[in-house]
Amino acid sequence: MEKYITKKYASILILLIVVACGTGINLFSDQEEVKLGIQFDGEIRSKPDEFPIYNKNPQVKEYIRTRIYDHVLESPEVKKNVVYSYQMEIIDNDSTLNAFAVPGGYIYLYTGLIKYLDSEAALAGVIAHEIAHIERRHATQRITNAYGLQLLANLALGNNPSQVSIIVANLFSGLTLLANSRSAEDESDKYAVLYLSSTRYYPGGVKFFFEKLRDDGKISSGGGGIATFLSTHPDPIDRINTTEQRLREQGLPIRTYTDVEEPTIFREEYIRNIKDRI
């Protein structure tokens with residue numbers, strides 16, 4: 001009888017989580033996100049062929065971290081910079097124009113992206129966008145939606161699963177589950193503008209990468225290192241237009257990545273301290 005009751009309540013609990021997952025409930029606490037991020041980072045560092053860590057010029061990495069990354073994190077709009085273990089790493093892969101974030105505060109930038117960009121504001125826009133993914137907990141929301149039933153079943157039935165390790169391993173099958181939805185990308189663009197508004201950088205820097213891709217003809221062709229990015233992100237043109245609309249609503253000027261006069265873009269500093277040295 002006791003066994004029957006346990007299974008009965010487990011079934012009810014499982015049913016509740018299925019409903020909950022459909023409404024955006026997240027099974028992970030902030031502390032669990034930090035632990036999950038540590039496992040992700042360990043998995044990344046255990047795959048040097050797939051994720052080679054950049055170590056050619058530590059001064060470039062330090063400049064990016066202290067000058068741009070830490071500065072964006074100091075925005076008062078970033079609420080969990082003392083909760084998550086925010087860290088930045090550079091992946092030495094010139095053929096990939098991408099960046100990604102994993103739970104708990106870990107952000108990874110590809111050298112291909114860094115070399116492609118033209119200004120500190122552009123890189124700050126990318127970094128702010130990835131911080132927003134972490135702050136808005138997009139990755140663990142997707143994990144909950146994908147694994148919520150399985151996680152709860154193991155918990156309710158008293159199993160002793162190494163479920164998180166399984167999830168981490170599965171997510172590294174091309175980082176498929178780390179691909180963000182259109183709504184998550186839009187929300188991260190929105191918060192990136194908000195974060196940058198209290199920094200030295202132009203808040204519209206989040207759209208500079210897409211503008212350069214557009215002008216270089218890479219969006220339509222999907223070539224030149226952009227195929228991976230386009231496979232995991234929604235329409236860049238829509239994101240340019242939406243960001244510009246948000247800037248107008250805030251009474252902010254519309255700048256482009258080619259603007260050489262705007263001081264909040266920091267083009268020369270980027271070329272001198274990053275692009276020419278990485």
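A few notes on this one:
- Förster radius 22 Å - calculated FRET efficiency between Gln31 and Glu74 (Cβ-Cβ, nearest 0.05): 0.45
- Ranked for footprinting exposure by Cβ neighbours inside 10 Å, fewest first, Tyr110, Tyr63 give Tyr63, Tyr110.
- In this structure, the residue pairs whose Cα-Cα separation is over 21 Å, taken from Lys35/Lys207; Lys61/Lys207; Lys207/Lys275; Lys35/Lys80; Lys80/Lys190; Lys79/Lys190, are Lys35/Lys207; Lys61/Lys207.
- For Lys35, Lys79, Lys275, the sequence from fewest to most other C-beta atoms within 10 Å is Lys79, Lys35, Lys275.
- Taking GluC sites (Glu not before Pro) across the stretch 36-133, the ones in a DSSP loop with at most 14 further Cβ atoms lying within 10 angstrom of their Cβ are Glu50, Glu74.
Read-outs throughout are calculated quantities, based only on the coordinates presented, and are distinct from any laboratory measurement. All values reported here derive from a predicted model rather than from experimental measurement. Glycine also receives a Cβ, built like all others from the backbone with ideal geometry; neighbour counts cover every protein chain displayed.
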